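The values are calculated or read from the model by the stated rules, or taken from the named source; none is laboratory data. Note that the coordinates shown come from a computational prediction; the quantities given were computed from them, not determined experimentally. FYI the Cβ positions are ideal-geometry reconstructions off the backbone, even for glycines, and counts take in every protein chain you see. Keep in mind that these areas ignore ligands, DNA and RNA; they rest on the heavy atoms of the full protein, side chains included. Shrake-Rupley method; radii C 1.70, N 1.55, O 1.52, S 1.80 Å.
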Amino acid sequence: MANAMLHQTVGTLQLHGSSGIHFQGGNNSVRLVPKGFKVEVGFCKRGICSSGEKKFSVIQASASQTYVFDPVLSPSNNGTHESLKKSNEAALILIRHGESLWNEKNLFTGCVDVPLTKKGVEEAIEAGKRISNIPVDMIFTSALIRAQMTAMLAMTQHRRKKVPIIMHNENEQARVWSQIHSEDTIKQSIPVIAAWQLNERMYGELQGLNKQETADRFGKEKVHEWRRSYDIPPPNGESLEMCAERAVAYFKDEIEPQLLSGKNVMIAAHGNSLRSIIMYLDKLTSQEVISLELSTGIPMLYIFKEGKFIRRGSPIAPTEAGVYAYTRKLAQYRQKLDEMLH
Ligand SMILES: O=C(O)[C@@H](CO)OP(=O)(O)O
């Protein structure tokens with residue numbers, strides 16, 4: 001059995017007939033949720049396994065099978081959800097995409113898939129410089145090109161020089177055809193998971209309309225309500241509340257377990273999908289979130305520690321001492337990079 005996974009792989013898990021676990025949908029990564037916490041089990045033959053798979057169900061006993069798994073998320077690690085929360089610390093970087101061609105034209109964009117402008121490209125590169133000393137083990141982006149461009153461009157500046165690789169798990173063939181057959185190469189890679197749940201809020205009938213013209217037509221206040229209120233959707237679109245239902249659920253289900261296991265995560269997404277996630281992280285009220293505005297291409301750093309998200313603002317520059325004083329781990333990581341690169 002190959003154990004070539006991007007997760008740190010340090011053990012195997014034997015599941016026997018009495019385990020009550022049955023896997024459906026081919027021999028790739030699966031996720032199951034026993035009492036209290038998540039376990040991620042991968043049994044891909046070779047190559048990169050990633051999370052996000054839902055093609056399985058826990059319904060009945062199956063024959064004995066050996067799986068590679070990530071012990072920090074496993075029940076056999078003597079750890080409970082609570083003790084994991086206490087022992088691990090991880091960095092979380094949030095970044096709204098750089099300026100898009102429709103930001104430049106002042107058009108409502110929502111789920112329309114518009115690329116970055118030249119300025120947006122530069123913003124993403126600048127953002128990358130600002131976080132170039134902060135560890136990144138996994139990247140989550142929306143399914144939209146402006147967020148993916150931003151993540152990739154930012155990573156060109158990272159000092160660790162690992163290669164961000166987009167996971168293709170949309171079907172069995174895509175998964176097999178994108179496998180990597182060198183464990184060393186896998187170690188030098190960062191999995192990038194693209195998820196529609198992190199997409200911008202769907203702006204309904206406003207998509208493609210000019211923001212100024214819409215305000216002139218419907219009134220400034222109405223348009224502000226559509227754009228910034230928590231629970232009032234634009235015509236046939238999503239309110240922030242509706243956007244939060246999928247974006248925050250995805251964050252809790254797919255991203256938080258990674259942070260809990262000590263993985264450092266970057267999320268490249270959008271003004272409103274990130275507003276909804278920040279509302280959750282900072283425990284903002286539906287009133288407070290109205291005035292939360294995110295600029296394009298500005299990275300925001302959180303430290304996840306003892307089950308809490310601690311907001312650390314936006315690193316100003318890669319050398320800014322303050323950021324690395326936040327935690328010993330960050331300081332050590334930066335020092336390691338300095339040693340490696342000198
Ligand atoms: O057009 C959009 O999709 C968003 C983000 O650019 O606009 P708004 O500022 O109204 O949230």
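Does segment 267-279 include one or more residues that are outside any helix (DSSP H, G or I) and touching a Pro at 6+ places or on another chain (Cβ under 9 Å)?
no
Among (1) under 18 Å from ILE131 (Cβ atoms); (2) of a type outside the set (Asp, Glu); (3) open to solvent by 20 Å² or more (accessible area, probe 1.4 Å), there is one condition VAL192 misses while meeting the rest; what is its number?
(3)
Each row is one residue, and each column tells you yes or no for (1) in contact with a helix residue (DSSP H, G or I) (Cβ under 9 Å, 6 or more places away or on another chain); (2) away from the ligand (no atom under 14 Å from the Cβ).
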{"residue": "GLU205", "(1), (2)": "no, no"}
{"residue": "THR214", "(1), (2)": "yes, no"}
{"residue": "TRP226", "(1), (2)": "yes, no"}
{"residue": "SER239", "(1), (2)": "yes, no"}
{"residue": "MET242", "(1), (2)": "no, no"}
{"residue": "ALA247", "(1), (2)": "yes, no"}
{"residue": "PHE251", "(1), (2)": "yes, yes"}
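So, in segment 95-133, exactly how many residues are aliphatic (A, V, I, L, M) and surrounded by fewer than 23 Cβ atoms within 10 Å (Cβ to Cβ)?
Of the residues in segment 95-133, 6 are aliphatic (A, V, I, L, M) and surrounded by fewer than 23 Cβ atoms within 10 Å (Cβ to Cβ).
I'd like to know if segment 177-196 contains one or more residues that are more than 27 Å from PHE251 (Cβ to Cβ), among the acidic types (Asp, Glu) and within 16 Å of the ligand (Cβ to nearest atom).
Within segment 177-196, none of the residues are more than 27 Å from PHE251 (Cβ to Cβ), among the acidic types (Asp, Glu) and within 16 Å of the ligand (Cβ to nearest atom).
Could you list, in sequence order, the residues of segment 271-283 that are more than 16 Å from the ligand (Cβ to nearest atom) and either more than 17 Å from the chain's Cα centre (by Cα) or open to solvent by less than 60 Å² (accessible area, probe 1.4 Å) (or both)?
LEU281, ASP282, LYS283
I need the full set of residues from segment 150-176 which are within 25 Å of ASP253 (Cβ to Cβ), within 20 Å of the chain's Cα centre (by Cα) and assigned to a helix (DSSP H, G or I), in order please.
Answer for segment 150-176, where residues must be within 25 Å of ASP253 (Cβ to Cβ), within 20 Å of the chain's Cα centre (by Cα) and assigned to a helix (DSSP H, G or I): THR150, ALA151, MET152, ALA154, MET155, ARG175.
Say we look at segment 203-229 and pick out the residues that are open to solvent by less than 50 Å² (accessible area, probe 1.4 Å) and not in a helix (DSSP H, G or I); which of these is farthest from ARG275 (Cα to Cα)?
GLY219
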